Amino acid sequence: MSLNDHQKAELLKLARASIQEGLRTGRPLTLVLQQYEAALTQKRASFVTLERHGQLRGCIGMLEATRPLALDIVENAYAAAFRDPRFPPLSEREYPDLDVHLSILSAAEAIDFSSEQDLIGQLRPGIDGLILREGYRRGTFLPSVWEQLADPVQFLRHLKQKAGLPADYWSDTLEIFRYGTETFP
């Protein structure tokens, strides 16, 4: 389900407000969900990506729809700014230079494949977000990662490493799921 421009603007506003609330109080923005239209209160999964001067500054999200979209955006925006373990918490001086990008995920679908080569042949660069699962290990790349890793072989190798596996790892128990995103602005 696509969002209209007004709904996208509202979600971007909520993400920024949650980061500002975090800077002021150390907590994410509190929402009254009844104040938002139905499209923003349906359970949807999202990622919030923060960039500063074109460089990643935080990215946190959910792969499964477990809470209303507006709440998911508010919580993920706060977490991307203050809880991404790759970065120190966002400072007030960084906020004016912050670019906020939202990705709303479609439901993930399992990819059926018989070999690594078969899997690679099914990947759709620039379209597919992937989830890799092997036992307790899990990793995901949003479709936007194709901009840095355009080759499907390299995309899969790096995804394995993100999940804590060797780049050349292969197993018959490996699970791969694909999802799409609606990303804005």
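Laboratory data are not the source of any read-out in this text; all were calculated from the coordinates shown. In this text the structure is predicted, and so the values were computed from the model without any measurement. Every residue, glycine among them, receives a Cβ derived from its backbone with ideal geometry; neighbour counts consider all protein chains shown.
Some notes on this structure:
- Positive-pole candidate from 129, 49, 144, dipole of the chain, charges at beta carbon: 49
- The chain: angle of helix 69-82 to the longest principal axis, Cα-based, in degrees nearest 10: 90
- Only the Cβ atoms of Lys and Arg (+1) and of Asp and Glu (-1) were treated as charged; on that basis the dipole of segment 100-173 about its Cα centre amounts to roughly 320 debye.
- If the chain linking residue 24 and residue 171 were pulled fully straight, counting 0.36 nm for each residue of separation and taking away their Cα-Cα distance, it would gain 48.1 nm.
- Reported to the nearest whole Å, the Cα centre-to-centre distance from segment 130-185 to segment 11-30 is 30.
- Relative to the longest principal axis of the Cα atoms of the chain, the long axis of helix 5-25 lies at roughly 70 degrees.
- Rel. contact order, % - alpha carbon contacts under 8 angstrom, at least six apart, segment 93-160: 24
- Inter-label distance, nm, simple model (7 Å from Cα along the C-beta direction), residue 56/residue 136: 2.4
- Loop-resident GluC sites (Glu not before Pro) (DSSP state other than H, G, I, E or B) in segment 1-93 with no more than 15 further Cβ atoms inside 10 Å of their Cβ: 37, 64, 92.
- Size descriptors for the chain (Cα atoms only): Rg and Dmax, in that order, 17.2, 52 Å.
- Straight-distance crosslink candidates among lysines, where the alpha carbon sits under 21 Å from residue 13 and sequence neighbours closer than 8 are dropped: 43
- Test item: Cα-centred dipole of the chain, Lys/Arg +1 and Asp/Glu -1 on Cβ, debye: 600
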